[in-house]
Amino acid sequence: MNDETDPSQAPETQRTPSDPSPDAQTIEGDAPSEPTMAPVLEEVLGQVPETESEPEPTSEPETPPEQNLEATTAPEPERAPVTTSPPLRQPQRSPDAARCHRGLRPSVLEVWPYLSRPELLRRWLGEVDLELAIGGEFALHAWNGDIVRGHVLQSDPPSALAFTWKPQGTGGESRVSIRLQGDGPGTRITVRHEGLSSEPERRQARRLWREVLGALRTALHDERDAHEWGSSLPIAVRAPLARSAADIWPLLSTAQGLERWLAHVERFDAAPEGGFRFTSRHHGRQMVEEGTIELMVPENRVVLAWEWAGENWGARTKVELSLEPDPSGSALLLLHSGFDKIAPEKAAVARREYAASWPKVVADLRRFVAPLPV
């Protein structure tokens, strides 16, 4: 895969992949409106109680039995109109958000430093530069290889923190808010990730925050570093492209098109069950990636069974290139999954390498298709 591309010519074929209860589980969904007792209940019950919705009242009146009109001539008395209460409103969820929460044993005051001090963030999340003020810079190099930048939107110690979230090399920016709740021993932490435009991105965010909160729990409960997380997580890179799906499709589905932004193409049989073989340079040595084409849906999606040759993965991963509608014209969503299927000792390294390289490769595609200045 290629690192850089001149807009006027094809890029060189080079790439640098570079609870309170200890048993409480991560839960997705809306948190109760009055959560201050959740840590105490978790301590007693071992789980967060779920709020049950009241049954909705019947929206239509009961139909009266039919009358025998031939048996009587007396007019039927008028019935008073039957009224019903309006249906109970259910809490609304943002359609573009992913949400996770978890119970922790330490108090809010004990948890807050693990969200706000770089030396404690390093124990579980990654290398973080954080200016804890509105508008302050936020930069993260996570232990799983993800690189994210943003700025602080809210800082309300010791209960609330919010910041923008922009993964390296993509055009999309989202928002992450973290809330700590609890008035005694134990804390409920809730993460809400908003501004995700597709369901694959929301699934990816849920998986990410489940693992992140698990690492935080390990650092707090076991009092040790928790760097070994995220090696099985898919990599998702989304980039708006100022072109239609019809314009972009040849760049995803033909050898000539892929050569312009992805890698040198030695083979690409553009049909399901066809093979492919790409070569590029990685840390000064030749890199070969090969596999088979699993699916091709014109102007929509390409799915590749993908392996880094010579690395002894023991299984293939999956690379999906999907085109989605976008105000700019269309957007590419690149999803690389299946790291959990390869040899465990290889998974962490492979994911870190691709987490660093895929954003650069997609940036090459964006530069290639960018409109020329008038």
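Laboratory data are not the source of any read-out in this text; all were calculated from the coordinates shown. These numbers were taken from a predicted model, which means no experiment stands behind them. FYI the Cβ positions are ideal-geometry reconstructions off the backbone, even for glycines, and counts take in every protein chain you see.
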Inset, instruction - Take each of the peptides 150-156, 357-363, average the number of other beta-carbon atoms within 10 Å over its residues, and list them starting from the highest. - result: 357-363, 150-156
Inset, instruction - Count the net charge of all other residues whose Cβ sits under 13 Å from the Cβ of Val148, scoring Lys and Arg as +1 and Asp and Glu as -1. - result: -2
Inset, instruction - Set the Förster distance to 25 Å, then compute FRET efficiency between Glu137 and Arg117 from the Cβ-Cβ distance, nearest 0.05. - result: 0.95
Inset, instruction - Would you mind ranking Thr317, Thr218 so that the residue whose beta carbon has the fewest other beta carbons within 10 Å leads the list? - result: Thr218, Thr317
Legend entry - Potential extension, Asp225-Ala271 segment - 0.36 nm per residue separation minus Cα distance: 11.9 nm
Inset, instruction - Can you bin the stretch 235-369 into rounded, prolate or oblate? Criterion: square roots of the alpha carbon gyration tensor eigenvalues sorted a ≥ b ≥ c, rounded for a/c under 1.5, prolate for a/b above b/c, oblate for the rest. - result: prolate
Inset, instruction - Give, in nm to one decimal, the length gained when the segment between Asp129 and Val288 is fully stretched (0.36 nm per residue of separation minus the Cα-Cα distance). - result: 53.7 nm
Inset, instruction - With label points built 7 Å along Cα→Cβ from the Cα atoms of Val349 and Asp247, find their separation and express it in nm. - result: 4.2 nm
Legend entry - Approximate spin-label separation Leu109-His151, in nm, with each point projected 7 Å along Cα-to-Cβ: 3.4 nm
Inset, instruction - Collect residues whose amide H, placed 1.01 Å from N in the peptide plane, falls under 5 Å from the amide H of Ala315; neighbours closer than 5 in sequence don't count. - result: Ala343
Legend entry - Among 225-232, 324-331, 204-211, the order from most to least packed when residues are scored by Cβ within 10 Å on average: 204-211, 225-232, 324-331
Inset, instruction - Go through the stretch 120-134 residue by residue and turn each phi into a ³J(HN,Hα) via Karplus (6.51, -1.76, 1.60, θ = phi - 60°); whole Hz please, and just put x for glycine and proline. - result: 8, 4, 5, 6, 9, 9, x, 6, 10, 10, 9, 9, 7, 8, 4
Legend entry - J(HN,Hα) series, the stretch 219-233, from Karplus relation 6.51 cos²θ - 1.76 cosθ + 1.60, nearest Hz, glycine and proline x: 4, 7, 6, 9, 6, 8, 5, 10, 8, 8, 9, x, 5, 9, 5
Inset, instruction - Taking the Cα centre of the stretch 235-369 as origin, work out the dipole magnitude from +1 charges on Lys and Arg Cβ and -1 charges on Asp and Glu Cβ, in debye rounded to 20. - result: 420 debye
Inset, instruction - Would you mind pulling out the separation of the Cα centroids of the stretch 105-178 and the stretch 334-374, in Å? - result: 23 Å
Legend entry - ³J(HN,Hα) computed for each position of the stretch 202-214 - Karplus, 6.51 cos²θ - 1.76 cosθ + 1.60, integer Hz, glycine/proline x: 5, 4, 4, 5, 4, 5, 4, 6, 4, 6, 4, 5, x
